[in-house]
Every structure is written in C-alpha cells, then in structure tokens.
Ligand SMILES: NC(=O)c1ccc[n+]([C@@H]2O[C@H](COP(=O)([O-])OP(=O)(O)OC[C@H]3O[C@@H](n4cnc5c(N)ncnc54)[C@H](OP(=O)(O)O)[C@@H]3O)[C@@H](O)[C@H]2O)c1
C-alpha cells in the first residue's frame, strides 16, 4: 500500500446511521482486504459520550448480518483501536480549535504527511457551518499533505442553497479536493454502464434515437420513511433520489463516448448530457404520498411526495435529432412504501410488435437481462417468443464490494471520476427547480396511494 493511502479520516457525525451502516462496514472490509495503510487513523467527533465497545458490538452484529454471519474479530479490533474519539460540537465554531490542535499534534508525531479526509456525515443543514468553522481555525489550509472533503448528499436544498454551498466551498477549497458522494455511481452495474455501452459493437450501434424508444430509470422501495420524518419532511422523493442518483445514472446511460476514461473527460461528457435534458411538460411530473404518511410525520397538511416521477427529453443529435422519429422518452421515478424493492434501468427498443428490452438491475441484485424475440421451438411453428438472457453479479467468483468501499478507496487515491462536479450538481438542480416550484404553487395533483401499491401510481 503506497504512502498515498496514509490518511486521517475525520468524521463529523460518528454516531449517525450512515456511519454505522455504511461507512464503518466499508472501512472494515477495506481493512480485511489489506487496503488501508497501517497508519490510517480515524478521528471520530462526537458531542456526547460514546462507548466504543458498545459501538464495536453493534458494528459486529451489522457486519455479520450482511456477511453470512462472518466477522473477523482481529480486523474489527484493529479497526476500532484506530478510532480516536474527540468530544466536540460541530455546531460550535470554538470547538474546532480542539480538532485543529489534535491534527497538528498528529502531524508533528508522524514522519509522513497525512492526507486529511473530512467526512461530512451530518445533516446537510450543518455543512456550511462546518466549512466556515474549519476556515476559522485554518483547517482549510493544507499542511504538507492535501485536505479532501467528503460531502454526503443532498448537496443543497434547492438551486440557491446548492449555489451558495458551492461558492462557500469554492472560496476556500479547490474543486479537486471536494468529493460529492453519490453512492449510486460507485455500484458495480452503474460503473459497468460505460463498458457495456462503449466496448460492445452490438450496443454502440443501437444506443440512439433510431433504435431506442424509451428508457425508464426506477428506484423504489417497499419500506416507508422508517421514522426519519425530520429528514423526509424537508426532502421528499424528487430531491432525495431524482435530483442526485437517478439523474446521474441517466447521464451515464446517455453521455457521448469520452476520449478516455480520465476524470475530466468523463465529467465533461456527463455534464454535457445533463445540460441537454429538458422537462417534457411540467404537468406530466407526477407526485404521490402513501396513506398514513401525514400521521407518521405529525403534519396533517403535508404535501411532501413519497413518490415522484419525471419525464424528460435529451436535446442532442443522438437522442432527439431525427425529425422522422419521436425523441427518446426518458422517465425517472422513485418512491417508498411500494410493493417491492427495485432499482433498474429499462431500455425498450423500437420497431417490433414484441420489442427487445434490456434491463439493467442495481437492486435488489445487480445484473443485466436482455429480452429478445426468438422463434418458438417446434416442428410446425412460426410463433415468436421472448427469451431472457440473464447475468447476475452473484454468479461471479469475484468478491463483491459495497459502493462505499469504492468511494473511500477512490477518495484515498484522489480519483474523482465517480463524484459529480459542482457544475453537474447545479445543472441537476436547474432541471428540477421548476418542478419544485410548480408543486409548491399548485397544491393539487398529489395522488394518495396505499402502502404496498404497485406501479404506476395514478
Ligand atoms: N443514512 C443513510 O443511509 C444515508 C444515505 C445517503 C446519504 N446520507 C446523508 O448522510 C448524512 C448523515 O445521515 P445519517 O442518516 O447518518 O443522519 P443521522 O442518523 O441523523 O446522524 C446525524 C449525525 O450528526 C450528528 N450531529 C447532529 N448535530 C450535531 C451537532 N450539533 N454536533 C455534533 N454532531 C451532530 C449526530 O450526532 P448525535 O448522535 O449526537 O445526535 C449524528 O452523529 C446526511 O447528510 C444524509 O443525508 C445518509
């Protein structure tokens, strides 16, 4: 493991759900695979007493539940022994002196410079306060090794707040030190999109308006908001899922081939695709709320959507350039408390009574399924039947890695390819802003659906 991976991870929000369910399991697996440097240290900031032994027990249970009951105690002990608890309240600027001193002491004690990774695992409303407090004590200036910020989504609450956050960060940090996390982009299937598209002639030839009729990107869950009413009342499905994950996936599905797979080239083409998106007609944007939501959040008037659906077009030669054909129809939809869990991209090809369909699944399992029309077998038969060519990642011998492992490794290496740029995030907000405004100004049009309903929500 190179010196490049000698890092300090400073966590704001150590006691939160994300830290327990995503961040620490990922750190455990990286350590298990020998991918963390032995100098790797974790500074966990907390505003209350934390019992690390209790945390370790919970983490062990979580790792076992998701790993065939297996957990290597030695690795887990090692991981937890690298955690240094630091009592501070991140909403209090003065407390950042404590952090600054701790990091300074560590730098003096250590011969190699540590890359400082600041992980913002706190409610988004706290992001700008933390940035200002870091600047206040000089933590924005790098020592002899770079600072990197890992910012969880949602990045901003609307276009204005996202722009303000970008401006604030841009004033004190270089763009190449800001990692806006969109864990969908780190999923194996999603990373594979560019390979499948650009390294296979059969897909390269048909990935356009002439051959494709529609692309539907779905991310639905059977679980409800699970008590996270504070977060959800402030967010809703459009902001939570479509503004970030689904638009970024759409960018990968539709972007032009980059000249190489370096960060600048990939980001440039993703951004171009996102900039070409237009809402079909604001009235076709749908929203729904599951019955019982208002009671759960204690707000009888709530119009927050637990289901959202957006129809868009992409203005480009490939996707809408031909006047002889309708432009490719893109639909993005996300929701909670539906009849099953699914995250998928469904690509329907044109020009057949029984269309060919390519389904790329991201959840519950990752894989590719191609439905093609064939002649039904038999001696005297000319009927067509669909057959399904399927590949699941579970079939591979390769060990599976969670998205957060890839995220952490890329941040340690300094590779920003899988992280949206500020321009990408702002472009996404520009697209959905009119819908947010339309829904705010028009209280009608909210469909109520029963928990466990199936799509489409009417
Ligand atoms: N959970 C997920 O699966 C998930 C997925 C994607 C993105 N995210 C994003 O990740 C971030 C964290 O989410 P979460 O689900 O982990 O939230 P959470 O469970 O509510 O945890 C929030 C964390 O912030 C800490 N915090 C709040 N106010 C603080 C203060 N004044 N001083 C110090 N610490 C404070 C909390 O500490 P206390 O324990 O002391 O209250 C807690 O550790 C959010 O931006 C969220 O949108 C979460």
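Could you check segment 14-36 and list, in sequence order, the residues that are assigned to a loop (DSSP other than H, G, I, E, B) and either more than 23 Å from residue 114 (Cα to Cα) or touching a strand residue (DSSP E or B) at 6+ places or on another chain (Cβ under 7 Å) (or both)? Working first, answer last.
Just the residues of segment 14-36 that are assigned to a loop (DSSP other than H, G, I, E, B), to begin with: 14-16, 33-36.
Within segment 14-36, 14, 15, 16 qualify.
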Could you figure out which of (1) away from the ligand (no atom under 14 Å from the Cβ); (2) without any contact (Cβ under 8 Å) to a residue 40 or more places away in the chain isn't true of residue 97? (2)
If the Cβ limit is 7 Å and pairs must be 6+ apart or interchain, which residue in segment 20-43 that is within 14 Å of the ligand (Cβ to nearest atom) pairs with which residue that is modelled with pLDDT under 90 and in a helix (DSSP H, G or I)? none
Among (1) surrounded by 12 or more Cβ atoms within 10 Å (Cβ to Cβ); (2) within 30 Å of residue 350 (Cα to Cα), there is one condition residue 388 misses while meeting the rest; what is its number? (1)
When you go through 117, 85 one by one, which is the residue that is within 14 Å of the ligand (Cβ to nearest atom), touching a strand residue (DSSP E or B) at 6+ places or on another chain (Cβ under 6 Å) and touching a residue at least 12 places away in the same chain (Cβ under 8 Å)? 85
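Residue-wise test of (1) within 16 Å of the ligand (Cβ to nearest atom); (2) out of contact with any helix residue (DSSP H, G or I) (no Cβ under 7 Å at 6 or more places or on another chain).
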{"position": "199", "(1), (2)": "no, yes"}
{"position": "202", "(1), (2)": "no, yes"}
{"position": "207", "(1), (2)": "no, no"}
{"position": "228", "(1), (2)": "yes, yes"}
{"position": "242", "(1), (2)": "yes, no"}
{"position": "245", "(1), (2)": "yes, no"}
{"position": "250", "(1), (2)": "no, yes"}
{"position": "260", "(1), (2)": "no, yes"}
{"position": "268", "(1), (2)": "no, yes"}
Might you let me know whether segment 51-64 holds any residue that is within 23 Å of the chain's Cα centre (by Cα) and without any contact (Cβ under 8 Å) to a residue 24 or more places away in the chain? no
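The values are calculated or read from the model by the stated rules, or taken from the named source; none is laboratory data. All values derive from a computational prediction rather than experimental measurement. We place every Cβ from the backbone using ideal geometry, glycine too, and count neighbours over all the protein chains shown.
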